[in-house]
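Chemist: I have a structure I would like to understand better, so I am pasting it below and will then ask my questions one at a time.
Read the figures in this text as sums done on the coordinates, not as results from a lab. In this text the structure is predicted, and so the values were computed from the model without any measurement. Cβ: placed from backbone, ideal geometry, glycine included. Neighbour counts: every protein chain shown.
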Amino acid sequence: MSALSTRDWLLSDRPASRRQARLGQAYRTWSHLRANKLAMVGLGIVVVLILMAIFANIIAPYDPIRGGDLRTERLLPPSWAHLMGTDDQARDIFSRIVHGSRLTLMVVALVAVIATPIGLAVGTTAGYFGGWVDTVLMRITDIFLAFPRLILALAFVAALGPGIENAIIAIAITSWPPYARLARAETLTIRDADYIAAIRLQGAGSTRIIWGHVVPLCLSSVIVRVTLDMAGIILTAAGLGFLGLGAQPPQPEWGAMIAAGRRFMIDFWWVATMPGIAIFVVSLGFNLLGDGLRDVLDPKGET
């Protein structure tokens, strides 16, 4: 099958199978996303982050935990030997940032895996059943939304104890309410549709309808919101690390690196600036990608 015939097959208005329809939809989505240059820049940043995390041991020229000679290699400025300089423990900052990408990616992935199903479950259940179920679940959601995410995460981490695992749990607990609100709004527009009524008449139970038919229809909007929230998750994790409640030394967590370098900002600016730039670039990448996905997956958001 030639490239032209493959494209025609994917873009056919009359797909012969579900597989062809799904592949065609995926191809259209990718084509629209590829046309958005800023979204592709964001995708490139995210891909670089993933590759950097996977091949950290190969990319990093030095050990991220063990430093060099404190007498001769401490607080060295950026150079060919140390691309981003060294910190107060004579550790190569570039190597620590590269290995820190693993922690950042782990936090983002685990928070998304934990918070997204919770938000979808709460939102679709509230929207589908309505009544007192909706009232109870949404008031609980409002309680979480009443507090700033970082403040609420600080409270949970203070209760659970410092550490990267507890930080992930705390961030996930504070991240699900917006997804629940979005899923509820989508469900309210879906639950009275004719095809939902037809499925109900066929004898399908509420659980099957919610997870088999309502959740998939809400998923695209929630994915867009999750992608846009990635930057906030990274900043919250960095904030917890900066305050000493996230990853503990000597782990190369970007927020903790900024906290360690703030004492040297005047004379040795690179110690805190380099991890700050890493946080900025990665957050920007997720925001650009999220904006592009919103334009592609959420047509109602287009103007």
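Chemist: Let me have the 222 nm mean residue ellipticity of the chain computed from DSSP H runs of 4+ only, each contributing -39500 (n - 2.57), with the sum over all residues rounded to the nearest 500.
Modeler: Values: 13 runs with 215 residues, N = 303.
My calculation for the chain gives -23500 deg cm²/dmol from helical runs alone.
Chemist: Continuing with this model, one more query. Taking the mean number of other Cβ atoms within 10 Å as a proxy for protection, how do you rank 65-73, 243-251 from highest to lowest? Numbers along the way, then the final one.
Modeler: On the way: 65-73: 12.3, 243-251: 19.1.
Packing proxy ranking, top to bottom: 243-251, 65-73.
Chemist: Could I ask something else about it? Grab the other residues whose beta carbon is less than 12 angstrom from that of Val214, score K and R as +1, D and E as -1, and report the net. Please report the intermediate quantities before stating the final value.
Modeler: Working: positive: Arg184, Arg191, Arg200, Arg208; negative: Glu186, Asp192.
Once positives and negatives cancel, what remains is +2.
Chemist: Quick check: the distance between the Cα centres of the range 18-65 and the range 229-303, to the nearest angstrom?
Modeler: 18
Chemist: Continuing with this model, one more query. Just the projected area, averaged over all directions, of the convex hull on the alpha carbon atoms of the range 12-169: how many nm²?
Modeler: On the way: hull surface 64.2 nm².
Averaged projected area of the range 12-169's Cα convex hull equals 16.0 nm².
Chemist: For the chain, what size does the Cα cloud have along each of its three principal axes, sorted from largest down, in whole Å?
Modeler: Principal-axis extents of the chain (Cα, largest first): 78, 56, 32 Å.
Chemist: Now, a different point. Count neighbours as other Cβ atoms within 10 Å of each site's Cβ, and list the chymotrypsin sites (Phe, Trp or Tyr not before Pro) in the range 13-115 that are DSSP loop with at most 12 such neighbours.
Modeler: On the way: sites: Tyr27, Trp30, Phe55, Tyr62, Trp80, Phe94; in loops: Phe55, Tyr62, Trp80.
Counting only loop positions with at most 12 other Cβ atoms within 10 Å, the chymotrypsin sites (Phe, Trp or Tyr not before Pro) in the range 13-115 are Phe55, Trp80.
Chemist: Tell me, how many Å apart are the Cα centres for the range 179-205 and for the range 147-168?
Modeler: The distance from the Cα centre of the range 179-205 to that of the range 147-168 comes to 35 Å.
Chemist: May I ask for log10 I(q)/I(0) of the range 150-303 at q = 0.17, 0.20 Å⁻¹, from a Debye sum over the Cα atoms as equal point scatterers with solvent left out?
Modeler: -1.00, -1.16
Chemist: Tell me the label-point distance for the pair Ile59, Arg19, using the 7 Å Cα-to-Cβ offset, in nm and rounded to one decimal.
Modeler: For the pair Ile59/Arg19, the computed spacing is 3.6 nm.
Chemist: Working out 0.36 nm times the residue gap between Thr29 and Asp8, then minus their Cα-Cα distance, what length gain in nm do you get to one decimal?
Modeler: 6.0 nm
Chemist: Starting from the eigenvalues of the Cα gyration tensor, five times each then square-rooted, give me the equivalent ellipsoid semi-axes of the range 1-87, largest first, whole Å. Could the numbers behind the result be given before it?
Modeler: On the way: eigenvalues 489, 36, 20 Å².
Largest first, the range 1-87 gives 49, 13, 10 Å.
Chemist: Give the dimensionless ratio obtained when the Cα radius of gyration of the range 233-300 is divided by 2.2 N^0.38 Å.
Modeler: It is 1.39.
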